[in-house]
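The values are calculated or read from the model by the stated rules, or taken from the named source; none is laboratory data. Given the structure is predicted, the values throughout are model-derived calculations rather than measurements. Methodologically, a virtual Cβ is constructed for each residue, glycine included, from the backbone with ideal geometry; neighbour enumeration extends over all protein chains shown.
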Protein chains: 4
Amino acid sequence: MTKRTLGIAVVGLGGAVGTTMVAGIELLKKGSIGTDGLPLAQISVDGMAEYTDIVFGGWDLFSDHLAAAAEEHDVLTHKQFVAAEESLRAIKPWPAAGNDRFLSNIAGTNRLGSTTHRETIAKIVEDIRHFRKTVDSTVVINLASTEKLQAEGNESFNSIVAFERALDENSPEIPPAMLYAYAAISEKVPFGNFTPSVAADIPALIEFAEKQGVPIAGKDGKTGQTFIKSVIAPALRARALKVEGWFSTNILGNRDGLALSNVDSLASKVKTKSSLLDDILGYEVEDHIVDIRYYRPRKDNKEAWDNIDITGFLGQHMQLKVNFLCKDSILAAPLAIEIARCLDLAAQRGEKGIQEQLSVFFKLPMSRSAKPEQAFHRQDEALREWLGR
Amino acid sequence: MTKRTLGIAVVGLGGAVGTTMVAGIELLKKGSIGTDGLPLAQISVDGMAEYTDIVFGGWDLFSDHLAAAAEEHDVLTHKQFVAAEESLRAIKPWPAAGNDRFLSNIAGTNRLGSTTHRETIAKIVEDIRHFRKTVDSTVVINLASTEKLQAEGNESFNSIVAFERALDENSPEIPPAMLYAYAAISEKVPFGNFTPSVAADIPALIEFAEKQGVPIAGKDGKTGQTFIKSVIAPALRARALKVEGWFSTNILGNRDGLALSNVDSLASKVKTKSSLLDDILGYEVEDHIVDIRYYRPRKDNKEAWDNIDITGFLGQHMQLKVNFLCKDSILAAPLAIEIARCLDLAAQRGEKGIQEQLSVFFKLPMSRSAKPEQAFHRQDEALREWLGR
Amino acid sequence: MTKRTLGIAVVGLGGAVGTTMVAGIELLKKGSIGTDGLPLAQISVDGMAEYTDIVFGGWDLFSDHLAAAAEEHDVLTHKQFVAAEESLRAIKPWPAAGNDRFLSNIAGTNRLGSTTHRETIAKIVEDIRHFRKTVDSTVVINLASTEKLQAEGNESFNSIVAFERALDENSPEIPPAMLYAYAAISEKVPFGNFTPSVAADIPALIEFAEKQGVPIAGKDGKTGQTFIKSVIAPALRARALKVEGWFSTNILGNRDGLALSNVDSLASKVKTKSSLLDDILGYEVEDHIVDIRYYRPRKDNKEAWDNIDITGFLGQHMQLKVNFLCKDSILAAPLAIEIARCLDLAAQRGEKGIQEQLSVFFKLPMSRSAKPEQAFHRQDEALREWLGR
Amino acid sequence: MTKRTLGIAVVGLGGAVGTTMVAGIELLKKGSIGTDGLPLAQISVDGMAEYTDIVFGGWDLFSDHLAAAAEEHDVLTHKQFVAAEESLRAIKPWPAAGNDRFLSNIAGTNRLGSTTHRETIAKIVEDIRHFRKTVDSTVVINLASTEKLQAEGNESFNSIVAFERALDENSPEIPPAMLYAYAAISEKVPFGNFTPSVAADIPALIEFAEKQGVPIAGKDGKTGQTFIKSVIAPALRARALKVEGWFSTNILGNRDGLALSNVDSLASKVKTKSSLLDDILGYEVEDHIVDIRYYRPRKDNKEAWDNIDITGFLGQHMQLKVNFLCKDSILAAPLAIEIARCLDLAAQRGEKGIQEQLSVFFKLPMSRSAKPEQAFHRQDEALREWLGR
């Protein structure tokens, strides 16, 4: 197996997840941490980049170098920060595409000075080309704050022809994440979307990715509560324990929490439609409530509390409660790394379009079918089978 | 598909699980409850008995008819009790084999008046033969209170020849559950063991079952905490979230709780050896603690509290807490019913010896291999595959 | 001590709390329950009515007799329902004052056919006079669904003169609860408000109560989460454990839950202003969040989950989590009974206006001071001292 | 108010609580932490030492300087450790009195080379005298690991005369904590016992303290679960919510946890007798279970899980669950500091013998009465009243 460096260009590099990815790989290179939390660490697949052969670049609306960003996010322990500080200080995010229409809570000023979509795309392409020269292969991963967008019913998103026209017309309907996706795909660089933003999940860009022969994957990293939900729900179904209600509440205090608290209404709409729970169970849970609250004492630590009301034999009621005291970036960063490694592998294997075998990493898996597999264990097996192929 | 009645002869019929089985089938026959909690209700397999074609008989150290037993166990709602009362009143357990050496907390007096193992077996066989005349096929299910027994190292248990000799010699090492297993197997009646008692899980009786062409399955029904454990642990492994410690505590206040509080030391030994958690994870969890406490305010309601300490990316620590407010008999009874239906199906299909495809129902699955599959989702798939065959 | 019957006229008699009060007193009379949950059961005070000397009447927008109401609310066990059924069937709520402007989720049709405030008051007075003839003394307790109302800044509420004028002018600003309060006070009948509705908590009616020499008390019964909050917060202050955040979430599925889900925005405003937590702690908790969600699987059972982030020595962080699986009406009904008994006692003692010694029963205690005592143990001691006087 | 330095001589100085006390005071002196967690920080009492005027000395079976000890205990954050390191390094525990008979899990070798009790006492006295020269006043606080001891029925403990004789005879019944207590009292130095060890809580030493005019206090610091228990139980009583059962389980992984896991049987005996819960409630809770498990993943972090089964109105059942994720030393250290300050104040005020007003700090308050006050809020008020006197 020949060594190959993989360059991950991150949209939102200075965020908590982005800096954690960079710091983690840096500490792995130094040998000061192990591979806990990296799901594919035990698997050796020909052509898949080693963790220690990964390098990072990326865009962010805040221009701080990553050491300053990491200090703000407070995810690393003090010792880890000291060990990674020098390397983090050396990385400064490139100016990013921002649009207040889609993201009103985030006020960064490190912006591409472009005035049209085409100009923005050109600048992103230029960044990618520049970065690409330094590595053997490249992947773009979107970690930027969630954009508010109701994509359905927008004609411009339904075909690449219509989308290109909307770009030409500088349509206000197109958010930054789509520009990044378009730029990456046009450069034949795989694009992974770890956020709930629509990004490449429109017919136009899926069509474009297939035409360009580029693998894409998304969306919305399955890290905490939804991960657990997709683990437990299949077992309740297998045991015929009827879910009468599922109440989920979350508290978190990082920048993502602030952004989410603003897109709440959309988030619930998305949720209702996606119906991960109903798809797994095979029936509709009428009392399925998901709350997300911005609660500062927790910073990047996220706490999820689930209450599941179930009915068993004789129609009798029981309750299952799950309380997950997790760390958002600690769960997310290794998944984003694995997505990048897998997309790179897919590109080498000549696969294109939606990479459905990566569904295990996503809350809202992009899929060719109307009902993508949502049960965690089946998603996980699908991925491992693909890797072993 | 021709209708066929399945007779389930229950060892410990008057216990909480036994009476709940009987009441549940009775209420299903009346149409006053649905099939919630019955894992195989949605599956139609040729040759498998319908729930409404099941009838019950069985042994118990307490002679109360089942209406009195049900009133004591307090599992049924008042309305359910009233609806099932007449049918329950009509069933009176047969005298049972008891041995204070193996079960000191339970003081029932409804005992077989036999003085030797061979005599006890003869009486059990007689009961089975009598019951069998009333139905199309028969299965024996052990639900009796857990026996204290350290089976390993006992030479008499290693071959059917040695075991027969020990029976002849009326060896004090042989507990009642083995006599029931022996009697059933000798009659070519499938034997399922829902308790942690060793029963048929010795080389001698496995050999005997194969020789007689009888399917057997066990042991220890996987109802609450261990069910959840075998669901969550595989997902933690898939996500490479290292389990640093798993602390499980249980409170329950029924007759089983009282019995268990007395076999605690054995229980922990069994647990250590069986190592469900370590088998699933692929490494040893040094801080794996399981406490069971007899706590009367809960009666048959069981509460499990699990605390899982996990390490993720960057070696950072997180906690997953699971609190299951469940009902012991409500979870157990439908599984015991399904085990009986499956064993009956296996017998019709001509299968014999350990029915490993029933592992999903057991905490300590009997297996031909040293490391039986313990991950819930793989056990469940194995069963469904077998059923669909 | 001479026997005296106390008549409690309940606004919202057919609700879950109202029917539970009636059923509870009925079962106490029959001797089939004990006095668990009745805080003053162990205290004997001269002049305070015995539980078994209480009789009920009251108004409700639903005309069902109380047996039908109790069946719907499903608070009683089946056995308790059967035991109380006949007595409950004998009580039918009087037609009630309803106003969709203040309460849009509740659609009852058992309404007073009045067209003006003065007419409504006259009918309520008539009901009170009729009821009063059957008992030695009378108290009115408001248990009706919470009204949406922003009372502050309304000139009509600031003096009894202005309020009388607004009544004369049939002002649309005056909600039903105020009409009940006015009617009771005008009849010199003590008025207790167990709901968050403003009712008598305006300068006009406080002035009126003092002028009439009538004791009044309110508002918002302190049953579950707030009870616990007012118990724990003083202890955290005593230990100098700094509360960085307090996240409270609630799920409940009864009629009150439905009503509350509609007044959510108001509820939070009220909460912010009342600042029970800040008053107890002596500083402002910026991250104090209270969520209430209507979640049907629970019916009248209410679950509260509190997460308290505290900082201790060395500025280190800890968490205290409280999970209260309670029953709304089971907690509320005995408090409403005690409030009625205490108001009746206060009337006999010649006390008038706000009865601040009853603060222990309320989330938002009516008070003569700007900062009423909120710490549970001090409120409780104040009540017991008054009783012992 | 004149400045006065208070010297605290700690038995078990190198333990987690001891090092946390020292580090905390050091960081307060540097101004790098606030007074969170110090219950009396807001109260100014004439004669009570300022936190910043406290200095430390003490004994330990391990000779490591406190920086090494702090590193092992891992209580301080990395930043706090760095800030306090130099000061901690300068403090080295004096050789301690050890006796394997009473404490088998702890293997330190930094031992006083004495062969008799009288010799040990002489050496302790010498240490106290030496330390005393450097400060204005001195207090001894016992923080050493819990000793196994059944004090009741031992005649030598019943009077100072008998105790002196047992010392002379070098009785094997006398554990180290009593020698420290005796030495301190003989030197007229106040003695506070923060551990469950019996120490000064025998008639002999109480008599001695009164004779010498020395204030003493103990025993067993009320930090986590018991603190919460003594806060919630009085409120349940006030609301007449009957406690049917109280199940408490604890996990902790520090040196104290290891020691406790060995004295478990004694601990439960002590608990049963002390009956804090029953004393507060006024009746016996038959199902009161307290488990303590040594669970290494938590180190010094302690987690308590309480489940309280309560019965309310109509005899209906509810549950209150409390989950305290606390830090043992972070809760304990400030209480130990306050105990020292209060004992010093008591000495100045000329008080002697048991200082019952310090009960708020103890699980098993030493008391002149058979039933000491156990309700937290009343204990707290008693202390504040004494302070304000």
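Screening D:S145 against (1) surrounded by 16 or more Cβ atoms within 10 Å (Cβ to Cβ); (2) out of contact with any Asp or Glu (no Cβ under 8 Å at 6 or more places or on another chain) leaves a single unmet condition, (2). Is there a residue being under 27 Å from C:F56 (Cβ atoms), at pLDDT 95 or above and of a type in the set (D, E) anywhere in region C:126-135? For region C:126-135, residues under 27 Å from C:F56 (Cβ atoms), at pLDDT 95 or above and of a type in the set (D, E): present. Among the conditions (1) without any contact (Cβ under 8 Å) to a residue 40 or more places away in the chain; (2) at positive phi, D:E85 misses just one, which is (2). Here A:I121, A:I91 are screened, and the one residue that is part of a helix (DSSP H, G or I) and buried (at least 19 other Cβ atoms within 10 Å of the Cβ) is A:I121. The residues of region B:313-335 that are facing chain A (nearest Cβ under 7 Å), more than 30 Å from A:L331 (Cβ to Cβ) and modelled with pLDDT of 95 or more, listed by number, are B:I330, B:L331, B:A333, B:P334.
Looking across region B:290-312, the residues that are touching a residue at least 60 places away in the same chain (Cβ under 8 Å), at the interface with another protein chain (Cβ under 9 Å from one of its Cβ atoms) and in contact with a Gly (Cβ under 6 Å, 6 or more places away or on another chain) come down to B:D309, B:G312.
The number of residues in region A:50-96 that are over 24 Å from A:P176 (Cβ atoms) and touching an Asp or Glu at 6+ places or on another chain (Cβ under 6 Å) comes to 4. When D:G14 is tested against the conditions (1) in contact (Cβ under 8 Å) with a residue 40 or more places away in the chain; (2) among the small types (G, A, S); (3) outside any loop (DSSP other than H, G, I, E, B), the lone failure is (3).
C:A370 fails exactly one of the following numbered conditions: (1) of a type in the set (G, A, S); (2) touching a Phe, Trp or Tyr at 6+ places or on another chain (Cβ under 6 Å); (3) closer than 16 Å to C:D201 by Cβ. What is the number of that condition? If we test C:A370 against (1) of a type in the set (G, A, S); (2) touching a Phe, Trp or Tyr at 6+ places or on another chain (Cβ under 6 Å); (3) closer than 16 Å to C:D201 by Cβ, just (2) comes out false. The set of residues in region D:330-377 being surrounded by fewer than 18 Cβ atoms within 10 Å (Cβ to Cβ), free of Cβ contacts under 8 Å to residues at least 40 places away in the same chain and out of contact with any helix residue (DSSP H, G or I) (no Cβ under 7 Å at 6 or more places or on another chain) consists of D:S369, D:A370. Kindly indicate whether any position in region B:17-30 is touching a helix residue (DSSP H, G or I) at 6+ places or on another chain (Cβ under 9 Å), under 23 Å from B:T134 (Cβ atoms), assigned to a loop (DSSP other than H, G, I, E, B) and in the same structural domain as B:E119 (by TED's automatic domain parsing). So far as region B:17-30 goes, no, none of its residues is touching a helix residue (DSSP H, G or I) at 6+ places or on another chain (Cβ under 9 Å), under 23 Å from B:T134 (Cβ atoms), assigned to a loop (DSSP other than H, G, I, E, B) and in the same structural domain as B:E119 (by TED's automatic domain parsing). Within the set A:S159, A:S137, A:S145, the sole residue that is closer than 30 Å to A:D291 by Cα, out of contact with any Phe, Trp or Tyr (no Cβ under 7 Å at 6 or more places or on another chain) and of a type in the set (S, T, Y) turns out to be A:S145. C:S156 - would you say it is touching a residue at least 12 places away in the same chain (Cβ under 8 Å) and outside any helix (DSSP H, G or I)? Taking the combined requirement at face value, the residue does not satisfy it.
Any chance region D:97-106 includes a residue that's in contact with an Asp or Glu (Cβ under 9 Å, 6 or more places away or on another chain) and part of a helix (DSSP H, G or I)? There is no residue in region D:97-106 that is in contact with an Asp or Glu (Cβ under 9 Å, 6 or more places away or on another chain) and part of a helix (DSSP H, G or I).
When you look at A:K273, is it at pLDDT 90 or above and farther than 29 Å from B:A41 by Cβ, yes or no? Considered against the rule, which asks whether it is at pLDDT 90 or above and farther than 29 Å from B:A41 by Cβ, A:K273 comes out as no.
Residues in region D:336-360 that are facing another protein chain (nearest Cβ under 10 Å) and of a type in the set (A, V, I, L, M, F, W, C) were compared, and the one that is farthest from D:W246 (Cα to Cα) is D:I337.
Please state which one of D:T134, D:T138 is exposed (fewer than 13 other Cβ atoms within 10 Å of the Cβ) and either touching an Asp or Glu at 6+ places or on another chain (Cβ under 8 Å) or of a type in the set (S, T, N, Q) (or both). Step by step, each of D:T134, D:T138 is checked, and only D:T134 is exposed (fewer than 13 other Cβ atoms within 10 Å of the Cβ) and either touching an Asp or Glu at 6+ places or on another chain (Cβ under 8 Å) or of a type in the set (S, T, N, Q) (or both).
Rundown of residues vs (1) within 13 Å of chain B (Cβ to nearest Cβ); (2) touching a Pro at 6+ places or on another chain (Cβ under 9 Å), yes/no style:
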position: A:V22; (1), (2): yes, no
position: A:A41; (1), (2): yes, yes
position: A:S44; (1), (2): no, no
position: A:T52; (1), (2): no, no
position: A:L61; (1), (2): no, yes
position: A:F81; (1), (2): yes, no
position: A:A84; (1), (2): yes, no
position: A:W94; (1), (2): no, no
position: A:D100; (1), (2): no, no
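Hey, can you tell me all the residues within region D:63-79 that are under 24 Å from the mean Cα position of the chain (by Cα), surrounded by fewer than 23 Cβ atoms within 10 Å (Cβ to Cβ) and within 14 Å of chain A (Cβ to nearest Cβ)? Those that are under 24 Å from the mean Cα position of the chain (by Cα), surrounded by fewer than 23 Cβ atoms within 10 Å (Cβ to Cβ) and within 14 Å of chain A (Cβ to nearest Cβ): D:E71, D:D74, D:T77. The selection criterion, being closer than 30 Å to A:G315 by Cβ and aliphatic (A, V, I, L, M), holds for B:I330.
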